[in-house]
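J.: Structure incoming, see below.
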Amino acid sequence: MRETKSDGDLLRAIAADGDRRAFEELYRRYAPWLLARLRGRCADAALVDDVVQETFLAVWRGTARYREEGDVAGWLWRIGSRRLIDALRGDGARGRLRQALSRLRHRDEASAEEHVLAGVEHGDLAGALVRLSPELRAVLQATVIDGLTTREAAVLLGIPPGTVKTRAMRARKQLREALT
């Protein structure tokens, strides 16, 4: 009968010896889960596949280091979600879509974003967002823009879920006050 190693044992074997079997076991345990979670955040299946591969390559190469705090799934989620966000912000699928749309749009025609921004009187929303502390903006980014749950945002930001809730509440209150 084969002994099942803990996630920590697998990660130590990968880091210390470059143990391929340990890496394969870790990949089998977590790649399908990570793939499903990231596909819930991004419809571009090819991009998600690339992000999952990059996440596990970071583990294999040792560029992502597990500090033995928390669970391995949360650690892998933090790596994968950050890489997905970076890919979406860069010249990935979103950048290609923007380029295609800009070629189709006439220069004199306002974009949907410009229409929305024109509806915000004198840039009050942008100013209110800028005045938020970086901690409050990070929580809004994770929960509102990235669509993460409180628990996922907590893992991503490295703070307790209660702190995420408190910061989100404070951010909403400050935005309400600034916009009224």
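The values are calculated or read from the model by the stated rules, or taken from the named source; none is laboratory data. These figures come from a predicted structure and were not determined experimentally. All Cβ positions, even for glycine, are placed from backbone atoms using ideal geometry, and neighbour counts span all protein chains on display.
J.: Of all residues in segment 132-170, how many are touching a residue at least 60 places away in the same chain (Cβ under 8 Å) and either in a helix (DSSP H, G or I) or of a type in the set (A, V, I, L, M) (or both)?
T.: 4
J.: Return only the number of the condition from (1) loosely packed, with under 12 Cβ neighbours inside 10 Å; (2) within 15 Å of Leu76 (Cβ to Cβ); (3) modelled with pLDDT of 90 or more that Arg20 does not satisfy.
T.: Result: Arg20 passes all but (2).
J.: For segment 155-180, enumerate the residues that are closer than 19 Å to Trp75 by Cβ and modelled with pLDDT of 90 or more. Walk me through it before giving the result.
T.: As a first pass, look at segment 155-180 and keep what is closer than 19 Å to Trp75 by Cβ: 155-161, 163-164.
Of everything in segment 155-180, those that are closer than 19 Å to Trp75 by Cβ and modelled with pLDDT of 90 or more turn out to be Pro160, Pro161, Thr163, Val164.
J.: Only residues that are modelled with pLDDT under 70, surrounded by 11 or more Cβ atoms within 10 Å (Cβ to Cβ) and under 16 Å from Leu11 (Cβ atoms): list them for segment 69-106, please.
T.: Once the filter is applied, which keeps residues that are modelled with pLDDT under 70, surrounded by 11 or more Cβ atoms within 10 Å (Cβ to Cβ) and under 16 Å from Leu11 (Cβ atoms), segment 69-106 yields only Gly70.
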